[in-house]
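Asks: If you scroll down you'll find the structure; I have some questions about it.
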Amino acid sequence: MPKMKFGVTIDEELRKELDKIVGRSEDLDLSRSEVVETILTAFFKTSLDHTKKARELIFKKRKGKL
């Protein structure tokens with residue numbers, strides 16, 4: 001599958017968590033992009049309603065409950 005590049009702005013805490021994963025996986029020579037892509041792939045391979053779940057998470061984040 002062809003790759004598409006686009007920019008994303010994330011919270012500093014999320015960046016720190018991504019960096020922890022990358023740092024703990026030096027043997028795999030991971031990048032932040034690869035970790036984010038893997039997380040998104042796992043999310044979209046679940047059997048839930050992705051739009052509904054994304055909206056639920058966005059509402060929680062905006063209310064400070066995430």
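Asks: Fully extended, how many nm does the chain gain between residue 39 and residue 53 (0.36 nm per residue separation, minus their Cα-Cα distance)? Before the final figure, lay out each step's value.
Replies: Numbers: separation 14, 0.36 × 14 = 5.04 nm, distance 1.45 nm.
The residue 39-residue 53 span can extend by a further 3.6 nm.
Asks: Next up: State the answer as a single residue: which of 42, 14, 59 lies farthest towards the positive end of the charge dipole of segment 12-63, with beta carbon charges of +1 for Lys and Arg and -1 for Asp and Glu, about the Cα centre.
Replies: Projecting each Cα onto the dipole axis, the largest value belongs to 59.
Asks: While we're looking at this one, here's another question. Across segment 12-63, how many lysine pairs separated by 8 or more positions, or lying on different chains, have Cα atoms within less than 15 Å?
Replies: Numbers: 45/53; 52/60; 52/61; 53/61.
Lysine pair count for segment 12-63: 4.
Asks: Quick one: pull the percent of accessible area on the chain belonging to carbon and sulfur, 1.4 Å probe, ligands and nucleic acids left out.
Replies: 57
Asks: Give me the accessible area per residue for the chain, probe 1.4 Å, as a whole number in Å².
Replies: Details: 6370 Å² over 66 residues.
Roughly 96 Å² per residue, with all protein chains present.
Asks: With all protein chains present, calculate the accessible area of residue 49 using a 1.4 Å probe and round the result to the nearest 10 Å².
Replies: Roughly 90 Å² of residue 49 is accessible to a 1.4 Å probe.
The values are calculated or read from the model by the stated rules, or taken from the named source; none is laboratory data. It should be emphasised that the depicted structure is a prediction, and the values quoted were computed from it without experimental measurement. Because the Cβ atoms are built from the backbone with ideal geometry, glycine has one as well, and the counts that use them run over all protein chains shown. Calculation scope for accessible area: heavy atoms of the full protein, side chains included, ligands and nucleic acids excluded. Shrake-Rupley method; radii C 1.70, N 1.55, O 1.52, S 1.80 Å.
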